[in-house]
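See below for the structure under consideration.
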Amino acid sequence: SLIGTLAALSVGAFMRVRAGQTKVASETTLQKLNTALDNRWKVILESVKEDHKKNQGQWPNALIAANGNPDAAESLLLYAKAKNELPMTFAEAKAATTVTTAYGMISLPPKAVFNTLPTSTATSPEESGACFYLAVLSNAGGGAMLDSDGLQQQSTDYSAPAAVGGWNARLFKDAWGTPIAFVRMAYTPELNAPPYIKAGQLRDPNDPAGKLPAIMSALAWGQLTANTPPFAGIPGTYPAATQNFVPTLVSAGPNKLWEPSIFAGSNNDNLLSYRLRREGGKGD
């Protein structure tokens, strides 16, 4: 009886340590992927600045669409390029990106790197992960990850169940073996308060000059949010300066189940990469 009790205690302790190690490994993967995401976002932002400086690409159209305001034009073009180069669904990835205001229009053709994605009308966290995998490994826009990042070991060929399209693609997985999801604009209440922003300084991160509300039309915002997945929780109308957002990656956590909303729910053990950016922060 004593030996059995000791064995049970040992097994319990081992399982707790094992669970802790798995969580830490998943958080480490999210940290690395978030660094790749940050780098990719910076490349997109730099490309907008370069188009402005050289008056190239869609910059002339962006300036017209912004009624001649360069700050608003940069914000519009950043939104357009972010959707074009960091899609969350196969429908987003395969469609042209169009942004139409009262003054003009920006139009970007779909990126060739996403041609290998299957066609699916379903949307799921797994689908966003497949899009993200191609986006960060692409050399097309710079910022591609290298094998030295060690993240290829965290990628896998994935077969989606019939309920979410039955497609096959490659994506990143967490230490529990579950696909990692990507959300281009994560709008959650906690992001509207410190430490994510300074008190009383809410603003659209893509519009630091605050010029976009006068330009962003309902049509333009509808185009920017077309084909985005419901689980991402992106507002149906342009939130202007009232909501902060952060591009983020999400692990389904130990239960391997996506909650109805990946950012909320009574049994939500999901890990969020933006929380890991805090000093000493955990993903859950």
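A few remarks follow.
- Just so you know, in the range 62-109 the residues that are part of a helix (DSSP H, G or I) and open to solvent by 30 Å² or more (accessible area, probe 1.4 Å) include one that is nearest to Asp51 (Cα to Cα), and it is Glu74.
- The criterion of being touching a Ser or Thr at 6+ places or on another chain (Cβ under 7 Å) and open to solvent by 40 Å² or more (accessible area, probe 1.4 Å) does not hold for Gly177.
- Residue satisfying condition, being touching a residue at least 40 places away in the same chain (Cβ under 8 Å) and closer than 23 Å to Lys94 by Cβ, within set Thr248, Thr228: Thr228
- Asn255 falls short on exactly one of the conditions (1) over 16 Å from Pro87 (Cβ atoms); (2) touching a helix residue (DSSP H, G or I) at 6+ places or on another chain (Cβ under 8 Å); (3) modelled with pLDDT of 90 or more, and that condition is (2).
- Any hit, the range 142-149, residues being at pLDDT 85 or above and not basic (Lys, Arg): no
- Test: residue in the range 185-192 that is closer than 24 Å to Ala95 by Cα, open to solvent by less than 10 Å² (accessible area, probe 1.4 Å) and not in a strand (DSSP E or B): no
- Look at (1) in contact (Cβ under 8 Å) with a residue 24 or more places away in the chain; (2) small (Gly, Ala, Ser); (3) over 16 Å from Ser75 (Cβ atoms) and you find that Ala220 fails only one, number (3).
The values are calculated or read from the model by the stated rules, or taken from the named source; none is laboratory data. As the structure is a prediction and not an experimental result, all values here were calculated from the model. For neighbour counting, all protein chains shown are included, and Cβ atoms are generated from backbone atoms with ideal geometry for every residue, glycine included. Keep in mind that these areas ignore ligands, DNA and RNA; they rest on the heavy atoms of the full protein, side chains included. Shrake-Rupley method; radii C 1.70, N 1.55, O 1.52, S 1.80 Å.
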